[in-house]
Amino acid sequence: MRIPMSRLKIGMTGWVVGVGGTDPLRRRLLDLGFTAGARVSAIRRGPLGGPTAFLIRGTMLALRSRDSLTITIDTGEMDRATRT
C-alpha cells in the first residue's frame with residue numbers, strides 16, 4: 001500500500017517510492033537519502049504534531065509533517081533488488 005510518509009505510524013517500516021515537492025525541497029530530501037528503494041522507519045513523533053523522527057540508512061532524521069507529506073512510501077513488499 002502506498003501512503004505519504006507522514007502517515008507512517010510509529011514502529012512502521014516502508015520503502016521510498018518517490019519524492020515530490022518543490023525543487024529545492026525535493027533535492028534536499030534526495031541528498032538526505034530519501035531515494036527510491038530506501039528503507040525508512042518511523043521512530044518517534046513530537047508533541048502536538050511536531051516533527052517526526054525517521055530512521056533511514058542508519059541515520060535518524062526529524063522532518064516536519066508538511067515535508068514528509070511529499071515522500072511516498074510503500075508499506076508492502078517490494079522487489080528485493082530495489083531495496084537498500
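What follows is calculated from the coordinates using simple rules that are stated; it is not laboratory data. None of these values were measured; they are calculated from a predicted model. No Cβ is skipped: glycine too gets one built from the backbone with ideal geometry, and neighbour counts run over all protein chains shown.
Please give, to one decimal in nm, the separation of the simple spin-label points placed at Thr22 and Met60, each 7 Å out from Cα toward the Cβ.
2.9
Quick one: dipole size for the stretch 2-77, taken about the Cα centre, charges +1 on Lys/Arg Cβ and -1 on Asp/Glu Cβ, in debye to the nearest 20.
200
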